[in-house]
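I have placed the structure first, in the form of structure tokens, so that the comments after it can refer back to it.
The values are calculated or read from the model by the stated rules, or taken from the named source; none is laboratory data. Keep in mind it's a predicted model, so treat the numbers as computed, not measured. Reconstructed Cβ throughout: ideal geometry from the backbone, glycine too, with neighbour counts over all protein chains shown.
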Amino acid sequence: MLSMESRMKNYIKSVVALTVSWVLVLVGFIPASASSVLTDKGYQLEQVVMMSRHNLRTPLSGKGSIAEKMTSHQWHQWSIQPGHLTLKGAINETAFGQYYRCYLEDEGFMPVDWVPQEGEVSFYANSFQRTIATAKYFSSGMLPVANVHVVHTKGIDEPDPVFFFPLELDTPRLYELGVSYTEQNMPRYLTNGEAMLASFEKVMDFSHSEYAREKGIEHLDPKDVHFVLGGKDKNVPGFKGSWRDAYKATDALIMQYYEEPDNNKADWGTGLTKQDWKNIGDISTRGISMICENPALSLRYIHSLLEKMDSDLSNEDKRFSFFCGHDTNIIMLMTVLGAEDYHVPGAIADKAPIGCKIVLEKRRDKDGELYINPYIIYQSDRQIRHCEVLDLNNPPLRYPIKLTGIEANEDGLYRYSDFKRLLQDIHAQYAYYTET
């Protein structure tokens, strides 16, 4: 049996070898000669604004947590503290940045070894280790010789309200909208609950867990979930029950799934199928969507971030903007923008996959008209789990964002003027609902 120190040395050696091989591949890589279909149709790329979720991190739970109590198994032994970007997450995010370097050079957006002038690019992250580190690794992959500065405004692991605003329905109009939405929509988030919890119980060996013994149960009840209003003023929406506990425990399970590419180790030899893993991902996605798809909470929570993205989009000197936050930011931004309901393929977390990015590309057609090309780009589960090299021949997955408030043209693009009007309408809604 290898000691923990020996296993860590072997792991680091394998990571170093993989990183060196990536460097060799990327140095010798010749980008595909054809640029994107949009560029070929005459839509020239002028500006990119990107909102990213951090890449792979360690679980937020620790010793004595719900996650530990809900299984009889021993969790993966992480080498760093909870909530920090992992070494694998750093490698994958660097690869993401390297892909964008290839893509943007191929688009004619930037030259090889671009060193931007002051004000042409910006990287702004929430003040957590995992978000700052994600921004740094992406920038080092995309702009390896530019020595990009990542801005964060608070002390390390102190939340920045631009990304981490309190989940409060703190005006009468927000309260009415938020509570009404939850009461009407809670049942749809719980559909297929029995199948989801069955997959969870299977992998966790739940019936033999400390949690099951303490509660005197063998199975979780998919109907055991209750909407609550907490906080001092009873205006902070949430939910409680055993379903909520399973949601909290899936965080550790999903992170173990991405960190460990060996299926037999990821599921403790329980033989989970792809559908089982999708069910487990759905527990996590449904749990966060109950809160983050609430239009009142989204409007309150995301407005400051949207203002900054809007400002950068209007800045003609700014060519590339990168914001780094969390899955909450991704789902709430999609909600506020009025995106059609979506489930991206190739990821068990299909609303805000690990390291995903909402991208707003500003493009100009041959007649000088400006358009917005919105999409989500993300690494597939396979690409994350196996640390695959990303390039124009093996790109991340893209999923077009379809907006309900404005009309797209035949190429799936939105007139910039219409998109700006949409943002103005959102700002007006914010003013109306937050009026006291």
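Looking for something in contact (Cβ under 8 Å) with a residue 40 or more places away in the chain and on the phi > 0 side of the Ramachandran plot - is there at least one such residue anywhere in segment 170-191? No, segment 170-191 has no match at all. Among all residues of segment 226-247, there is none that is part of a helix (DSSP H, G or I) and either within 22 Å of residue 387 (Cβ to Cβ) or of a type in the set (Val, Ile, Thr) (or both).
Go over the candidates 71, 134 one by one and state the one that is closer than 30 Å to residue 203 by Cβ, in the same structural domain as residue 328 (by TED's automatic domain parsing) and at pLDDT 95 or above.
134
Looking at this structure, is residue 315 polar (S, T, N, Q) and either in contact with an Asp or Glu (Cβ under 8 Å, 6 or more places away or on another chain) or in the same structural domain as residue 46 (by TED's automatic domain parsing) (or both)? Judged against the criteria, residue 315 is a match.
Scanning segment 84-97 turns up at least one residue that is more than 19 Å from residue 390 (Cα to Cα), surrounded by fewer than 20 Cβ atoms within 10 Å (Cβ to Cβ) and modelled with pLDDT of 95 or more.
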